[in-house]
Amino acid sequence: MKTHASVRARAGFTLLELVIAIGLLTIIVGMVFGIARTSLALGKTIVETQNKEMEQQAFMELVGRTFGTLPGNARLDLQVQDSGAHYLSDLTLQNVPLGFTWGGVERVAKAVRLSTVKRRSGYLDIVLSYYENEVLEDPEDAVGRAPKEEPFASIVLLEDVAYFEWRVLDGNSMEWVYDWEFPSRLPLQLELVMAMGAEGEEIRQVFWLPPKQNPAVLIRQMSQSGGTGGEGAPQPPSVNIPGQPPAVNITPPTGGAPR
């Protein structure tokens with residue numbers, strides 16, 4: 001008599017297999033979400049870093065363009081205060097008219113001030129303030145302290161700054177100083193050293209202040225020389241025409257015509 005083993009078809013998974021499958025699925029889903037969360041955090045960090053770098057670059061370009069286009073009669077004053085953990089500074093520029101719209105109203109600022117403001121977090125904000133009137137005292141005053149004048153507009157240019165320090169190169173003594181109390185004349189260079197955040201890399205930038213003729217002094221010299229045509233009076237500039245030889249100013253001789 002022969003016996004045949006009957007094979008019973010399996011109708012489903014056992015409870016143990018279901019538990020193992022659910023556990024594996026949970027691990028895989030957790031890994032996927034973890035990778036996605038890490039990628040999002042990394043992307044956010046990269047975007048924030050790029051935004052900060054763009055803000056720093058835009059700030060440096062703004063400061064450099066402002067210093068490079070100062071008129072000859074511009075006045076500069078730099079006051080520095082030691083607050084313990086930071087050096088707080090106020091850099092004031094006057095006789096630099098700026099016209100713009102603020103709150104829907106056309107305004108003109110005769111003076112601007114770049115200030116460092118300490119926050120409760122321990123970091124600094126770099127604030128640009130606009131003043132409708134002059135804020136530096138008369139040039140006769142050697143100290144040149146700014147009177148009490150409230151700005152009509154203020155803009156925060158940089159936030160979370162670790163430190164922000166100026167140095168000024170005196171063109172007369174060729175020495176670097178940390179404040180400037182001679183607003184009637186401009187320094188030769190300004191150096192800015194700053195860092196963003198707790199782990200920000202130090203940034204060092206030097207700005208040149210091109211020497212320019214004060215228009216008031218130029219008019220006074222022209223008046224003293226008798227206007228135009230007098231000895232020492234400024235001559236009109238030569239004009240070069242493309243394709244032609246350079247223009248040359250020829251002064252006629254005073255001893256008569258050559259023989």
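Structure above, values below:
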| item | result |
| --- | --- |
| Most positive-pole-ward Cα, THR38, MET60, VAL96, against dipole of segment 12-129 from beta carbon charges | VAL96 |
| Inter-label distance for GLU17 and ARG120, nm, one decimal - labels placed 7 Å from Cα along Cα-to-Cβ | 6.2 nm |
| Charged-residue dipole, Cβ positions (Lys, Arg, Asp, Glu), segment 57-208 about Cα centre, Debye nearest 20 | 280 debye |
| Estimated FRET transfer efficiency when R0 is 45 angstrom, pair ARG185-LYS44 (beta carbons, to 0.05) | 0.40 |
| GLU201 versus THR26: modelled label distance in nm, points set 7 Å from Cα along the beta carbon direction | 4.5 nm |
| Amide N proximity, segment 113-139 versus TYR163 label position 7 Å along Cα-to-Cβ, cut-off under 14 Å | 123-124 |
| Integer Hz, Karplus 6.51/-1.76/1.60 couplings in order for segment 27-38, x for Gly and Pro | 5, 5, 4, x, 5, 5, 5, x, 5, 5, 5, 5 |
| Segment TYR178-GLN224, extension gain: residue separation times 0.36 nm, minus the distance between their alpha carbons | 12.8 nm |
| Net length gained if the chain between ASP170 and ALA153 were fully extended (0.36 nm per residue, minus Cα distance) | 3.0 nm |
| Backbone HN-Hα couplings from phi across segment 151-163 [Karplus 6.51/-1.76/1.60, Hz, Gly and Pro as x] | x, 8, 7, 9, 9, 7, 8, 9, 10, 6, 8, 6, 8 |
| Inter-site label distance for ALA36 and GLN81 at 7 Å from Cα along Cβ, in nm | 5.2 nm |
| Extreme residue, positive dipole direction of segment 57-208, given options TYR87, LEU169, TYR123 (C-beta unit charges) | TYR123 |
| Spread of Cα-to-Cα distances over 10 Å intervals beginning at zero, given as percent, for segment 57-208 | 10, 40, 38, 12, 0 |
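Just so you know, all these numbers are worked out from the coordinates, no wet-lab data involved. Keep in mind that what you see is a predicted model, and the values were worked out from it rather than measured. Reconstructed Cβ throughout: ideal geometry from the backbone, glycine too, with neighbour counts over all protein chains shown.
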